[in-house]
Amino acid sequence: MATNDAAARPAGLNGALAPEVTMHGLQDEPKGWLAWLTTTDHKKIGIMYFVATFVFFILGGVEALIMRAQLAQPSSTLVSPETYNGLVSMHGTTMIFLFVVPVMAAFGNYLVPLMIGARDMAFPRLNALSLWLLVFGGIAFYASLFFEPPQAGWTSYTPLSDDAYMPGGGIDAWIFLIHLTGLSSLVGAINFVATIHNMRAPGMSWGRMPLFVWSILVYSYLLIAALPTIAAAVTMLLADRHFGTAFFDPVGGGDPMLWQHMFWFFGHPEVYIMILPAFGIISEILPVFSRKPIFGYKAIAAATVAIAFLGLLVWAHHMFTTPTSTVVLIFFMLSSFAIAVPTGIKIFNWIATLWKGSIVFKTPLYFAAALPALFVVGGISGVMLAVFPVDWQLHDTYFVVAHLHYVLFGGSVFGIFAGVYFWFPKMTGRMMSEGLGKLSFWVMFVGFNLTFLVQHSAGLSGMPRRIYDYDAALGVSDYNLISTIGSFLLGIGVLLTVINALRSYRHGKLAGNDPWKGNTLEWFVQSPPPANNFDVVPRVRSVEPMKDIRREIAKTTGTPAGSVAQPVGSAGW
Amino acid sequence: MIPRALPPRRSSTPRLVVLLAIVAGLLVALVASPAALADTFTPESGGSPNADAIDSLYKIILYVAIVIFLIVEGTLIWSLVKYRARRGGPQEGAQIHGNTPLELGWTVGAALILVVLTVVTFLYLGDIKNPAPSGKAELASAAGQFATIDQPNPPTGEDGAKPLEIDVNGQQYLWRYTYPNGAFSYHDLTVPVDTTVVLKLSASDVIHSWWIPKFGGKMDAVPGYTNKAWFKASETGDYIGQCAELCGSGHADMRAVVHVVAEGEYQDFIERKKDEIETAGEELAKQREEREQADSGEQGNQRQTENQ
């Protein structure tokens, strides 16, 4: 606060008065809901990101359950074919563009400044912009429920998505969703890059940066590399639909394959955009609960970068059945194989982190340890799909549906849940219930495997994906019934965590500053953190600054330190 | 103050045992599954040599995959069980930061496995991609070159047997087949047994994908392109499949059936089809002529009326 009281001014060199700082038009902070609408605080924005993305997660989950209910038995008439194709498109689009990608931005927004010892993101107003672009993208998309939802799948392949075959406005709503959420992610990514490059605490060199921050940095660069292509593609589709161009229309000399190349040039990096931050989350959680440093820090950071680079070179493995020459197929098979190596390195490093640990079994550890256990199934089936002659059998079947859910749900979503249980105490100041958390984990784990394991067999038996009905003669009825039962169990498991979060927000045990004995700087501040995060930013001497701080305190006070976070209102530590 | 972070060991053990039991149960099911259940874990096969080759390649990869799966899950579960925190045990785990030889070892190991998979894939690729020689002589053939994909033309079989070439056109929501003599049919394709059938795939509206699981891989029919697929059925019978690329509201109902019949039966079928189509065409032409005459007569009358 400015003051004119000369006596209160700090003295500069030689006893001269320091330059006076005067503030004009300083306004009080808005209160109540207005504080949330107008905020540029990365923590409040992060929490709103969480709320918005989890609302979309539940919507997407309900869409999935309606589909599973329809497929529980052959010749079911619960929904019409048109509605089913709408559900397919809404579910895929919602989960990818409105849940998994932005929820990673939610973690990033909340945690990156805290982990690197910054007081906010580099561009707080851009940060608010990216949140609201996401929200409005989601609203624009869901508004299509009131006229006609898109029915061409989350991939919107041309010519099916062209105006001749999908004249309704659903595809246009989808295009605007891609533009708005794309801009949101792009703005957010630039913000993360600027923040991480410039605002790290003193002493935090690249080799001491938390692995989660590494993953968010790589996530951001991948978004910047991949998003312009999809923005161009959907703009061309919009022009094809409304302005008489023929980029993708073979009748006008265009090429439907161009859409697939442009879409997957974005779409495959998108896969790594969705999984790498989840890898980052469990790379933070596993060491904390095994009471051990992460095994092979440099290898994990390097593997993250390698996966991202290779991820830009594998897109046409989604197009093995299109008219494409064999030499191209061989290239994309080999580049897809190559990705298995850095991914394998990460999995082995996580296991080695647990090895010889003193593992504390709390809910975040359950979810974090489930990630490698489930992801490896998706990774292995991914290598099978990369073998293009085998993919000719498996492509566009339920085998692919099973594969992508093992990496996206078994990988990303279990990682996200691990992160929610791990950082909820930091964000709210209260612990989530362990009993309910573990129950939720086991229900989800069993439900997930029931749902998706049998889908491999359904695909191998000849069931294509995206069909609203199947022939009883195909012999996949049992698989589908098991899958449907599993999916409702999975839904209950997710619901248990939602209930847990809502209850714990009011009634949870007080967490204190550092309930898990964490390794990174966010555990140095109060829970929830004060608006300015850090009164004094600690100097970072290793990749586990909190462990150093605890050790130092133990040395100076002679007693082992429990919770050492910055004292409330302290002038420094 | 020190939080009581270490749970009693009771709380974790039974769950991990259950987990182990589930994994073990799955493995037993996998290993002990009888031949009848084989297709639960492997692709459909038995209709055509390329489907069989895909099946063999898939099985080799699956065996490698099972070994990797067991190593990963085994070490993961073993680490979780063995190194769980015990009451009164050490507060901290071993402070290991890494082990370069070990890390290099598993990097090279993973790469080597992929090299092996690449070699195996190339060993099988020819049998899957290149059509087998046809077994029966005296079938019509066209030796056209295909610009879009490089599936070679099948070699001439014994006794100068030639492959049968059929144009397959995908439309919302049906398949149209054109036989070498100009006859065509919808939904149901009829082909002779023991003959290499080369399919030229095209689409006239949106993208469709041709797939009969027992005849091997699927291939997309993309508007503006000609794609190719082949099969050679060794036994007569009906083989079912369906469109594998989302093509609109009728996608799930876009089914296909291939009737594999004896050669004589096939010849009869296409002759009969051709006759039917010609008769129908003549009938149609006659009707059209009559209608045109009637129309022009009417129009002439109208014009006269207007003139008056």
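A short reminder: the numbers here are calculations on the coordinates, not readings from a lab. None of these values were measured; they are calculated from a predicted model. As a convention, Cβ positions derive from the backbone with ideal geometry for all residues, glycine included, and neighbour counts pool all protein chains shown.
A few remarks follow.
- Likely footprinting exposure, A:179, A:456, A:507, B:208, fewest C-beta neighbours within 10 Å first: A:507, A:179, A:456, B:208
- As a proxy for reagent exposure, ranking B:219, A:199 by other Cβ atoms within 10 Å from fewest up yields A:199, B:219.
- Legend: calculated FRET efficiency, residue A:35 to residue A:242, from the Cβ-Cβ distance at R0 = 45 Å, rounded to 0.05, equals 0.65.
- Taking Cα centre as origin and charging only the Cβ of basic (Lys, Arg, +1) and acidic (Asp, Glu, -1) residues, the dipole magnitude of region A:327-445 rounds to 560 debye.
- Region A:81-254 - charge dipole about Cα centre, Lys and Arg +1 at Cβ, Asp and Glu -1, debye rounded to 20: 960 debye
- Residue B:100/residue A:305 FRET efficiency (R0 25 Å; Cβ-Cβ; nearest 0.05): 0.85
- When the alpha carbon gyration tensor of chain A is reduced to an equivalent ellipsoid, its three semi-axes come out at 43, 28, 23 angstrom, largest first.
- In degrees, nearest ten, helix A:434-460 long axis to first principal axis of chain A (Cα): 30 degrees
- DSSP beta bridges confined to the protein assembly as shown are antiparallel in about 65 percent of cases.
- When the listed pairs B:59/B:162; A:438/B:82; A:298/B:59; B:214/B:273; A:31/A:426 are checked against a 28 Å cut-off, the alpha-carbon distance exceeds it for B:59/B:162; A:298/B:59.
- Length gained on full extension, residue A:80 to residue A:472, computed as 0.36 nm times the residue gap minus the Cα-Cα distance: 139.3 nm.
- Around residue B:41: net Lys/Arg minus Asp/Glu count, Cβ-Cβ under 13 Å: -2
- Chain A, dipole about Cα centre (Lys/Arg Cβ +1, Asp/Glu Cβ -1), debye to the nearest 20: 2500 debye
- Each residue in A:89, B:45, B:296, A:358 was given a count of other beta-carbon atoms within 10 angstrom of its own, and listing them fewest first yields B:296, A:358, B:45, A:89.
- Counting Lys and Arg as +1 and Asp and Glu as -1 over every other residue whose Cβ lies under 11 Å from the Cβ of residue A:167, the net charge comes to -3.
- Were the residues from residue A:503 through residue A:258 laid out at 0.36 nm apart, the gain over their Cα-Cα distance would be 83.2 nm.
- Angle between chain A longest axis and helix A:363-386 axis [Cα atoms, degrees, rounded to 10]: 40 degrees
- Gained length - residue A:312 relative to residue A:136, 0.36 nm times residue gap less alpha-carbon distance: 60.5 nm
- Farthest toward positive dipole pole in chain A [+1 Lys/Arg, -1 Asp/Glu at C-beta], among A:315, A:477, A:278: A:278
- Spin-label pair residue A:147-residue B:255: with each label point 7 Å from Cα along the Cα-Cβ axis, the two points sit 3.7 nm from one another.
- In Å, descending, principal axis extents of the Cα set of region B:159-272: 43, 26, 24
- Average other protein chain Cβ within 10 Å of Cβ, residues B:67-73: 4
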